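The values are calculated or read from the model by the stated rules, or taken from the named source; none is laboratory data. It should be emphasised that the depicted structure is a prediction, and the values quoted were computed from it without experimental measurement. Neighbour counts run over all protein chains shown; Cβ positions are idealised from the backbone, glycine included. Keep in mind that these areas ignore ligands, DNA and RNA; they rest on the heavy atoms of the full protein, side chains included. Shrake-Rupley method; radii C 1.70, N 1.55, O 1.52, S 1.80 Å.
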Amino acid sequence: MNYLSVRHLTVRLKGGGLLLRDVSLEVAAGEVRGLVGESGAGKSMIGKAILGILPRAVEITGGQIVLDGTDLLTLPPAQRRIRIGATCALIPQDPLTALNPSHRIGRQITDRLVDILGWSRMGAEARALELLADVQITAPEHVLRQYPHELSGGMRQRILIASAFAAEPKLIIADEPTTALDVTVQKQILKLIAGLQAKHGTALLFVTHDLGVVSKVCQSLSVLYAGKVVEDTTIRRFFAGPAHPYSAALLAATPKYTDPTAGLNPVPEAVLAAVRAEVEHG
Amino acid sequence: MADGRMEVRRRAGLRLWLSAAWLAVVVVVALLAPHLAPKNPLEQDLFSGRLPPFWQHGADPAFVLGTDSLGRDVLSRIIFGSRIALSVALISGTLTCLIGASLGLLAGFFRGWVDLVISRLIDIWMAFPPVLFSILLIAVIGPGLGSIILAIVVIDWTRFARVVRAEAMAQGAMDYIASARVAGRGRMGILWREVLPNVLPIIVVLLTLEMGIAVIVEAILSFVNLSISTDFPTWGGMISEGRASVHQAWWVLVFPLVTLFLTVLSFSQLGEGLKDRFDPVLR
């Protein structure tokens, strides 16, 4: 039984064009699924639709988002919000704007546990300490009393990861969690996410444009182009040889660090034209 | 980096303390006016009119800052004038802030039709020329302390609403708002816990600026004789009366003017200083 099933989801700009076309994807309990595609393909939009944080100008016009057997879209907004809050979490893209500059770190982690999930203040604080240790922050007692601007981007992303795992969610959506960080920090952050995911058995939808990242953390993969899933496969099969010509071209376009003399291979125009035609008419 | 921060902090500190000190003096003087004033501010003595301040030749030591053309003590009138100035500043500043900031927050955070209604209201409101509007308002409801306060609130709430709306909109687009929504916080909860603390520094600056503006507006209305009844001392009224005799008795004009200037300046500097102190990034 899949924990999350998105079925035939269609999202469009209010009074405008389609952003997601009939998107279906599944994430099993404890599974890590990658969601890749180029900029503007709608990767983040899927995550936002699932979590109910779509921008105002965008609306869901069809399909189902089934979480643990319940279609979220049939729930009244207040119930939907509570259900998402209790079972899902987000690791956002930009650690610089994802923490409230006015509150201390400790408060940001514990407030949600206390206010929304009804934890005791003591229990939440103990939990926060434990979580910061889990994401390898030294001197967690000190960090809990600091404000976000006193910490580096990598530190803030660790805190956001800790915060995402705080309430033991069943599903985490990581929206390009390493894109805003520099390469040396990226690797540590990926390790942390993968480690915590394995420890807690959380289902993870990992949105990224980096196939290298996908190969390290994911078990299955959905390739998105112009708001449509063009390939849904496992990691092993994808890296052995993608079925869809666009996926193959995307994989070929990944720079190879082992051979610096090899040039870049952009996705050929013919492949793009074919996939565009397929998405728009299929 | 650390040195730069220290520098900002030290200057902000000095500014904050100087302005707070002056305002504290004004508040104490206003509260204790009957005990501090050497004379009755309304008492006329036509035989000792236009006496110069104490250090000039021909001064009467009983009238420290001299007298006006009707022989009333300038110092006592300034002391009693602070009561009106402060009441107007505090009451109208607070009311303006409450109304303007609330509407601005609602418009900027909820957007949609709420924003549409409030923004159009602001646009229409700001099309009225403010001075004319206030004079008209007071001409209709009659002069008095209440009328001045009402005029300031009615005219100036748009200043708060516009700025706070823009700031609330900017904060609403931040990722931490999205995170709070995912965590299950309701809209009012997000507005209160996540947005308001980040808009607060700007509200404080606007509030203190507004108090300074209120003091000026009261002075302007006194100047055109639309404030409190003329025999009650106000700074604006004194400036207006002093203007007529500035060549013979400059002190009647200059002392209330300097007091007014320092008070308005202190309000605005207090706001800036508080912002620097409470802004978590500068702290």
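Quick grid of which residues meet (1) touching a residue at least 40 places away in the same chain (Cβ under 8 Å); (2) touching a Leu at 6+ places or on another chain (Cβ under 6 Å); (3) away from chain B (no Cβ under 12 Å):
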site: A:D22; (1), (2), (3): yes, no, yes
site: A:A49; (1), (2), (3): yes, no, yes
site: A:L72; (1), (2), (3): no, no, yes
site: A:Q79; (1), (2), (3): no, no, no
site: A:C88; (1), (2), (3): yes, yes, no
**Q.** A:L117, sole failed condition from (1) open to solvent by 30 Å² or more (accessible area, probe 1.4 Å); (2) assigned to a helix (DSSP H, G or I); (3) closer than 21 Å to B:R193 by Cα
**A.** (2)
**Q.** From B:S69, B:S92, residue being assigned to a helix (DSSP H, G or I), touching a residue at least 60 places away in the same chain (Cβ under 8 Å), under 21 Å from B:L260 (Cβ atoms) and of a type in the set (S, T, N, Q)
**A.** B:S92
Q | So A:A139, is it open to solvent by 50 Å² or more (accessible area, probe 1.4 Å), more than 14 Å from every other protein chain (Cβ to nearest Cβ) and closer than 22 Å to A:C218 by Cβ | A | no
Q | A:S39 being within 23 Å of A:H209 (Cβ to Cβ), touching a residue at least 60 places away in the same chain (Cβ under 8 Å), among the polar types (S, T, N, Q) and away from every other protein chain (no Cβ under 14 Å) | A | yes
Q | Verdict on B:E218 being open to solvent by less than 30 Å² (accessible area, probe 1.4 Å), among the acidic types (D, E) and within 14 Å of another protein chain (Cβ to nearest Cβ) | A | no
**Q.** Matching residues, segment B:254-283, being more than 30 Å from A:P148 (Cβ to Cβ), crowded, with 19+ Cβ neighbours inside 10 Å and either in contact with a Ser or Thr (Cβ under 8 Å, 6 or more places away or on another chain) or polar (S, T, N, Q) (or both)
**A.** B:T259, B:T263, B:S266, B:F267
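Per-residue answers, yes or no, for (1) modelled with pLDDT of 90 or more; (2) away from chain A (no Cβ under 14 Å):
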residue	(1), (2)
B:E194	yes, no
B:I203	yes, no
B:L209	yes, yes
B:D231	no, yes
B:W235	yes, yes
B:E241	no, yes
**Q.** Wholly within segment B:99-191, helices (runs of 4 or more DSSP H) carrying at least 2 residues that are within 19 Å of the chain's Cα centre (by Cα), more than 30 Å from A:I109 (Cα to Cα) and away from chain A (no Cβ under 12 Å)
**A.** B:130-141, B:145-172
Q) What do you reckon, is A:A128 under 27 Å from B:R187 (Cα atoms), of a type in the set (G, A, S) and in a strand (DSSP E or B)? A) no
Q: Would you check which residues across segment A:55-102 are closer than 25 Å to A:Q157 by Cβ, open to solvent by 30 Å² or more (accessible area, probe 1.4 Å), assigned to a loop (DSSP other than H, G, I, E, B) and not acidic (D, E) and list them?
A: A:P55, A:Q93, A:L96, A:T97, A:P101
